[in-house]
Amino acid sequence: MSGIIAEERATLHNEQTVRLTLFIGFAIAARAQTPTDIAAMLNRVLPAVVTVAIEEESGMQRPFGIASTDAYDRVLDLTGTMSLGSGFVIERNGEKFVVTNVHVIQRSAGVIRAHSINQKTYVMQVAGADTMFDVALLRFTSPPGPELGTVTLRKDEAQLAEPVYTVGNPLGLYPYSVSSGIIGGRNRTVQGLSGAFGYLQTNAVIAAGNSGGPLIDVHGQVVGINTEIGLDPESGMALGNLNFALASPHIERVIHDLLANKGRLRRPYLGVEIGQEGTYMMVPVPVVVMGVLAGSPAAAAGLPTGAVVRSCNGRAIRQLEEVQQALEIADPTAPIVFELGLPGGDSTIVRIQPVDAAPARLEALARWVLERKAGMAPLAGPTLRLGEVKTAMTTRKPASLALPRARAVRQAAAPAPQKAPAGIGVVGAGVNIDKKGPVWRVDSLADLGVVMRISAMSGIIDLVVVEGNSEPALKRLWLGTKEDIPQRTLLY
């Protein structure tokens, strides 16, 4: 017993020593950086920050000019801009890029422009983007001017209580605004559609327009990309001192993969549905293998449905987000190892060799979800249309997805009316709760598979459909086995 007590005391002493060392380290850093030093550092960073503006192709000219001036007594003309955010310039292999958030540019139907510190405007094109991590990489279509500086991404993650600074264009009215704060938390999960993880929590103030801008440490390195404002779950009001920025190591990984893999992030494809209905009354609900696609890597490995996921690649699993994190940080070419609990208390280890999430596999995933959850299947043709299929599944098919009935036309003398297209057309998908939330355009079954993977963590998938010649409407697919109860789901 005395040995255990001594060991616990030693562990406690070591933890206290680490905390004291961190505290002293930050205190020394704070003393070393005078206000003049911080001002000089920020002035070096400012030329690397840009305003990212989106213009529609439709020709809608809604004035969005700025009447105020920034610290450099300049007016940034954003007339014709439909939405905007911030961004920062990095350099890779001798080429400059702008890093911003996907949600800043994803509604663009036309031109994307970057406005530099001296008001020069550059037309940008998307070099790559990843919706889950909300990181987009923009390429200059003309040589960037000498007024554009660059910043570097810090290799290690920012520490608790470390001082940080935001730079951006809040509300589109105050370019090159700076705010300060500290790191209040690490590896936070942002409760959006994808359940993305790896976020820094900070009390440095941001507002709409700061999205995509850098979170900077005292040395001028980027420790995060400002992504989300904390909201009160009841009122929906912004909490000014609770904000989130994706940590720099995750940004670096995304940028590396986007440049190395033709603009996309490589992820393992397993062909599996893993779900969790939630946590009720503080009682954890198990994470369960809900289904396996025929012919998939998971099927080849013999992954059993109904099994409880106890660990994934050595990471203990209590919540669905922990499975997602294990899969997202995994080498997409290396085996994925699951420890599973079986009925009767037995356990087993299953190793799955993943493959690339090619378009054909995303099509198979979308088809599988449609058949299981809606009793629908894609029809042959140039556009994405669905028809009813007979399925042995007992999951509910919403009545609103019934096919329209054909009507006979008896007026032979009159021109025959245009025949309604067969089945139900799908033009978009996403999650549209209370008429809020992202809905993406889909042009193919592979597009639908991508959106399903993004949206499934919400437990529902909303399809924007056209029945016959009617106006577009929303049709909801519930991913749970219980009617009208969402089941947070991973589709990998």
Notebook entry, point to check: Which value results for Rg/Rh of region 142-249 when Rg is the Cα radius of gyration and Rh the Kirkwood radius based on the inverse mean 1/r?
Noted result: 0.98
Item checked: residue 266 versus residue 147: modelled label distance in nm, points set 7 Å from Cα along the beta carbon direction -> 4.0 nm
Next item on the list: State, to one decimal in nm, how far the label point of residue 444 lies from the label point of residue 471, with both points 7 Å from Cα in the Cβ direction.
Entry: 3.2 nm
Next item on the list: Just round it to a whole percent: the fraction of Cα-Cα distances in region 211-362 exceeding 19 Å.
Entry: 65 percent
Next item on the list: Give the share of C-alpha pairs in each 5 angstrom bin for region 127-196, from 0 to the last occupied bin, in whole percents, shortest bins first.
Entry: 3, 10, 12, 18, 26, 19, 7, 4, 0
Margin query: Using a 7 Å offset from the Cα along the Cα-to-Cβ direction at both residue 33 and residue 173, what is the distance between the two label points in nm, to one decimal?
Written below: 2.9 nm
Notebook entry, point to check: Length gain on complete extension for the stretch residue 259 to residue 351, per 0.36 nm per residue less the alpha carbon to alpha carbon distance?
Noted result: 30.2 nm
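Readers should treat all values here as calculations from the given coordinates under stated rules, not as data from a laboratory. Given the structure is predicted, the values throughout are model-derived calculations rather than measurements. Ideal geometry is used to build each Cβ from the backbone, glycine not excepted, and the neighbour counts take in all protein chains shown.
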